[in-house]
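What follows is a set of notes on a single structure, which appears directly below.
The values are calculated or read from the model by the stated rules, or taken from the named source; none is laboratory data. This is a predicted model, so every value here is computed, not measured. Quick reminder, even Gly has a Cβ in these numbers, built from the backbone with ideal geometry, and neighbours come from all protein chains shown. Remember, those area values only see protein heavy atoms, side chains included, never the ligands or the DNA or RNA. Shrake-Rupley method; radii C 1.70, N 1.55, O 1.52, S 1.80 Å.
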Amino acid sequence: MNLKSQLEASLSPSQLRLIHLIADSAAQSGFPLYIIGGSVRDLILGSAIQDLDLTVEGDAIALARALAKRHGGRVTAHSKFGTAKWFLPKDLQTESSDTLDLISARSETYKHPAALPTVMPGSMDDDIRRRDFTINTLAIRLDGAHFGELRDDLGGMDDLKQGIVRVLHAKSFIDDPTRMYRAVRYAERYGFTIVEETLALIPPARPLIEKLSAQRIRHELDLILEEWNAAAMLARLAELNLLQPIHPALTFDESMRQRLTNLHTYRSLQHLSPWNITKGEQMRASDLGWLLWLMSLSQEQVSALNDRLHFTADLLAALFAASKMYAVQLSFVGLKPSQCVERLEAYPLAAVEAVGYAAKDPRVKECFDEYISKWRYIKPHINGDDLKALGVEPGPRYAILLRRLRNAWLDGEVKTKEEEKALLQTLLNSSSASP
Ligand code: CTP
């Protein structure tokens, strides 16, 4: 089968130009060149190719260096893995990337169950057989006259057409237990079925989950929490008993499912201006997922999960904060804006956002939403310099006066600069200017 026309239709002109240029150099060096794995799978399913990761049956580093010599740019290489990154010269950069990865075909073996693979240079056949699922083994050859040729050694095309997730061999999950999480992610993302024979390989591999490092298992869960239908994926993982083996505190109940069901809506809201969330404040998509998922856990449970999963410091602080706020969310009902602000300012913004999204009571929601979009920006017009000019002795009284003025703005006690000035005068005149 030749996929030349699909390839040409789904690559942008600049991607296509780049590919042809590399394919020419590969042909000259006598190296077969392929796109393989996720990009081919997504191409056949009709999505655009984002990552142009290319696999060379031969020396990818030598090819990258030859390309840079001929066309410019520079190369960094990992000789241990036979991989090279080409920092593209300006005229070859594409809309989606200014670098390109070239990978030498490799074989991977596992010293013991759940170990990281030992990587060795290999043939394209090895590279195909080292992979997780048949749907990820499809390759399209690019060099010379082979441009567009589909290589389907293991029946990947049939499985892709039928919507099937299938491992390549019976030891796949034992070698790499993260693949059980990947299987669920692909199945739910594409609406595919995990075949019975593959499902049957889960129970013997389940005890190996505890051998996975914090970083590896967290990475898989991060990938899931970045997906728009993370809720369905976690529900499936719970059903297959793949959450509790990570840690007994990791559950997925109905309230968690409901909170995560709207993850994609929340995410698009974040980008809308009414939220007033600046780029620098935007949290990682997976962090929002973690917060929505785990906010109903106790402080002790969050701490226990952190021992297993090693959250980043920022996420951990936000998880503790979200758990605290979620537990007492109804205590935000009936507060004055200044009281909401005073309480919410003590917490990381990410946690406030997540609990605000999840809150069901509209009065709680309002407090959180208004805080995020408006109240946190409200400041009095008068500042420390003005107080100094008015002869107020510098000291802790400054902060007290300025907070009192800010609260007056927040609660609608003053509405103009003049009213603010008048209030300040009253505060200064009264012998005890405490708030
Ligand atoms: N792979 C594997 N086992 C893993 C991880 C990855 O065999 N535990 C292989 C798969 O063949 C996969 C390729 O490495 O196609 C690249 O992995 P990755 O970038 O994680 O996945 P993609 O296929 O690009 O899919 P997606 O980004 O959609 O998750």
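The residue list Leu237, Leu250, Leu242 contains one member that is touching a residue at least 40 places away in the same chain (Cβ under 8 Å) and assigned to a helix (DSSP H, G or I), which is Leu237. Taking the stated definitions as given, is Leu67 crowded, with 20+ Cβ neighbours inside 10 Å, part of a helix (DSSP H, G or I) and assigned by TED's automatic domain parsing to the domain that holds Gly122? Answer is yes for this residue.
In region 179-192, the residues that are in contact (Cβ under 8 Å) with a residue 60 or more places away in the chain reach residues that are within 9 Å of the ligand (Cβ to nearest atom) and open to solvent by less than 50 Å² (accessible area, probe 1.4 Å) with C-beta atoms within less than 7 angstrom, at least six apart or across chains, in these pairs: Tyr181/Glu220. Scanning region 25-52 for residues that are open to solvent by 60 Å² or more (accessible area, probe 1.4 Å) and closer than 16 Å to Leu100 by Cα, we see that the one that is nearest to the ligand (Cβ to nearest atom) is Asp51. Being within 29 Å of Asn241 (Cα to Cα), open to solvent by 20 Å² or more (accessible area, probe 1.4 Å) and more than 12 Å from the ligand (Cβ to nearest atom) is a condition met by at least one residue of region 171-184.
Screening the candidates Gly148, Gly155 for the property of being small (Gly, Ala, Ser) and open to solvent by 20 Å² or more (accessible area, probe 1.4 Å) yields one hit, Gly155.
Identify all residues within region 196-225 that are outside any helix (DSSP H, G or I) and surrounded by fewer than 17 Cβ atoms within 10 Å (Cβ to Cβ); write none if there are none. Quick ask: steps written out before the conclusion?
Looking only at region 196-225, we keep the residues that are outside any helix (DSSP H, G or I), and these are 200-201, 212-213.
Across region 196-225, the qualifying residues are Ala200, Ser213.
Among the residues in region 262-278, are any modelled with pLDDT of 80 or more and either in contact with a helix residue (DSSP H, G or I) (Cβ under 7 Å, 6 or more places away or on another chain) or not in a helix (DSSP H, G or I) (or both)? Before you say what the answer is, go through the steps one by one.
From region 262-278, those modelled with pLDDT of 80 or more are none; that's our starting set.
Taking every residue of region 262-278 in turn, none turns out to be modelled with pLDDT of 80 or more and either in contact with a helix residue (DSSP H, G or I) (Cβ under 7 Å, 6 or more places away or on another chain) or not in a helix (DSSP H, G or I) (or both).
Considering the conditions (1) at pLDDT below 90; (2) under 16 Å from the mean Cα position of the chain (by Cα), Leu315 is excluded by exactly one of them, (1). Just one of the listed residues (Lys324, Lys421) is under 28 Å from Leu288 (Cα atoms) and surrounded by 11 or more Cβ atoms within 10 Å (Cβ to Cβ), namely Lys324.
Would you confirm whether or not region 77-100 contains a residue that is of a type in the set (Phe, Trp, Tyr) and open to solvent by 50 Å² or more (accessible area, probe 1.4 Å)? Scanning region 77-100 turns up at least one residue that is of a type in the set (Phe, Trp, Tyr) and open to solvent by 50 Å² or more (accessible area, probe 1.4 Å). The residues on offer are Leu168, Leu142, Leu154, Leu221, and the sole one that is within 15 Å of the ligand (Cβ to nearest atom), in contact with a Gly (Cβ under 9 Å, 6 or more places away or on another chain) and of a type outside the set (Ser, Thr, Tyr) is Leu221.
Of the residues examined, Asp132 is one that is outside the structural domain of Leu201 (by TED's automatic domain parsing) and either within 13 Å of the ligand (Cβ to nearest atom) or surrounded by fewer than 22 Cβ atoms within 10 Å (Cβ to Cβ) (or both).
This table checks each residue for (1) at pLDDT 90 or above; (2) assigned to a helix (DSSP H, G or I).
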| residue | (1), (2) |
| --- | --- |
| Ser323 | yes, yes |
| Ser331 | yes, yes |
| Val341 | yes, yes |
| Lys360 | no, no |
| Glu366 | yes, yes |
| Leu387 | yes, yes |
| Glu413 | yes, no |
| Ser431 | no, no |
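Scanning region 101-118 for residues that are open to solvent by 30 Å² or more (accessible area, probe 1.4 Å) and within 26 Å of Leu18 (Cβ to Cβ) turns up Asp101, Ile103, Arg106.
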